[in-house]
Amino acid sequence: MRCFYIDAMLKALPQATRPWPAVCQVCGRWPTQPVCKACVGRFALARWRCRTCAMPLVVEGDLCGDCLTSPMPSSLDRCLAAVDYAYPWDDLVARFKFHDEPGLAGVLAERMLATPGAQDLIVRSDWLVPVPLKSQRLMNRGYNQARELVKALRARLTRAPAGLPDALVRLGDAPDQHSLAREQRLRNLSHAFAAAPHRVEALRGKRVLLVDDVSTTGTTLHSAALALRQAGVAQVQGLVIARTLNQ
C-alpha cells in the first residue's frame, strides 16, 4: 500500500514538476538527483579550456599549444566541454553510448547546460546539429547519442532552437577515431562529412551549434564544422559533454 502522505504531496504538485527520487549514478546515494550535488561538486570542477578545441589549460588563456601551432586553423569559432573525460563521466558516457542506456542523455545534458556560457551559446544559435554516426554504427546501436543529447537539451531549455538532425551526412567508412594518432585523425576526417543537399538552403547564413558526446582532439568537430562552412553557414560552434585529457 502506498504511503498516504506521499500520495497527498504528489497530488499537490503540478505533474511536470513532481520530484521523483533517484539513485546517484556515481556514489549510489538515495534519494537524490541522478548525479548528486556532492558528486557534481567533486567531479565537475570548472576548468580553463582552449577556445576552439576545449582542451584543459593549466593557466587561463585563449588557445592550447596544438591550436596555436596547427597549420590548419579550426573551423569552429568556439567549443565548450562540460567536464573532462575522466572518472566518473567516462563511465557514464560509455554506458550512454555502448550499453544501451540512452536515458542517461538527460543526466549528461544537465551537465552541459551547467557549463558557463553553454545556455547562451545554445539560445544564440539558429540550429542544433548533432554529429552523425556512421550508418553501420547507427544500425548496431539503434540510436545516435548526439541526437539524444540534442533532444535532452531542448527538453530542458525552453529557449533552445530547433534541432536539425539530418543537416550533415557522414561519408565513407573510415576507421574509428580512437584507434588513430592525431595526424592520422586529421587525414581520416578531411572529407568525412558533407551538408545534406536538401538542408543547404536552411543552413546558409545561419549560426549552428554542433553537439557531440566526447571530443578527443577536436578533429571530428572541426571536420563537421568545415562541411557546414562549405554549405554557407555563417558561424559554427561546438558543445560536448567531455574532452579527453590527452591528444
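For the stretch 150-160, which residues satisfy the criterion of being touching a residue at least 12 places away in the same chain (Cβ under 8 Å) and either farther than 23 Å from Val200 by Cα or open to solvent by 20 Å² or more (accessible area, probe 1.4 Å) (or both)?
The answer is Lys151, Ala152, Leu153, Arg154, Ala155, Arg156, Leu157, Arg159.
Just give me the residues in the stretch 148-159 being under 22 Å from Ala195 (Cα atoms) and either in contact with a helix residue (DSSP H, G or I) (Cβ under 8 Å, 6 or more places away or on another chain) or hydroxyl-bearing (Ser, Thr, Tyr) (or both), in sequence order.
Of everything in the stretch 148-159, those that are under 22 Å from Ala195 (Cα atoms) and either in contact with a helix residue (DSSP H, G or I) (Cβ under 8 Å, 6 or more places away or on another chain) or hydroxyl-bearing (Ser, Thr, Tyr) (or both) turn out to be Glu148, Leu149, Lys151.
All but one of (1) surrounded by fewer than 18 Cβ atoms within 10 Å (Cβ to Cβ); (2) within 13 Å of the chain's Cα centre (by Cα); (3) free of Cβ contacts under 8 Å to residues at least 40 places away in the same chain; (4) farther than 23 Å from Gly205 by Cβ hold for Ala114; which doesn't?
Evaluating Ala114 over (1) surrounded by fewer than 18 Cβ atoms within 10 Å (Cβ to Cβ); (2) within 13 Å of the chain's Cα centre (by Cα); (3) free of Cβ contacts under 8 Å to residues at least 40 places away in the same chain; (4) farther than 23 Å from Gly205 by Cβ leaves (3) as the failure.
Do we have Met139 as open to solvent by 10 Å² or more (accessible area, probe 1.4 Å), at pLDDT below 95 and touching a His at 6+ places or on another chain (Cβ under 9 Å) here?
For Met139, the condition - open to solvent by 10 Å² or more (accessible area, probe 1.4 Å), at pLDDT below 95 and touching a His at 6+ places or on another chain (Cβ under 9 Å) - is not met.
Might you let me know whether the stretch 54-67 holds any residue that is in contact with a strand residue (DSSP E or B) (Cβ under 7 Å, 6 or more places away or on another chain) and free of Cβ contacts under 8 Å to residues at least 60 places away in the same chain?
For the stretch 54-67, residues in contact with a strand residue (DSSP E or B) (Cβ under 7 Å, 6 or more places away or on another chain) and free of Cβ contacts under 8 Å to residues at least 60 places away in the same chain: present.
If I ask for residues that are free of Cβ contacts under 8 Å to residues at least 40 places away in the same chain and more than 21 Å from Ala105 (Cα to Cα), which ones from the stretch 28-53 would you list?
Arg47, Trp48, Cys50, Arg51
Per-residue answers, yes or no, for (1) in a loop (DSSP other than H, G, I, E, B); (2) more than 23 Å from Gln237 (Cα to Cα); (3) open to solvent by 90 Å² or more (accessible area, probe 1.4 Å); (4) not aliphatic (A, V, I, L, M):
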{"residue": "Val26", "(1), (2), (3), (4)": "yes, yes, no, no"}
{"residue": "Cys39", "(1), (2), (3), (4)": "no, yes, no, yes"}
{"residue": "Arg47", "(1), (2), (3), (4)": "yes, no, yes, yes"}
{"residue": "Thr52", "(1), (2), (3), (4)": "yes, no, no, yes"}
{"residue": "Gly61", "(1), (2), (3), (4)": "yes, no, no, yes"}
{"residue": "Leu68", "(1), (2), (3), (4)": "no, no, yes, no"}
{"residue": "Leu76", "(1), (2), (3), (4)": "yes, no, no, no"}
{"residue": "Ala94", "(1), (2), (3), (4)": "no, yes, no, no"}
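Determine which single condition Gly218 fails, assuming it passes every other condition in (1) farther than 16 Å from Asp126 by Cβ; (2) of a type in the set (Gly, Ala, Ser); (3) surrounded by 20 or more Cβ atoms within 10 Å (Cβ to Cβ); (4) modelled with pLDDT of 95 or more.
Every condition holds for Gly218 apart from (4).
The values are calculated or read from the model by the stated rules, or taken from the named source; none is laboratory data. Because the structure is a prediction, the values reported are computed rather than measured. All Cβ positions, even for glycine, are placed from backbone atoms using ideal geometry, and neighbour counts span all protein chains on display. Just so you know, the surface numbers come from the protein's heavy atoms only, side chains and all, with ligands and any DNA or RNA stripped out. Shrake-Rupley method; radii C 1.70, N 1.55, O 1.52, S 1.80 Å.
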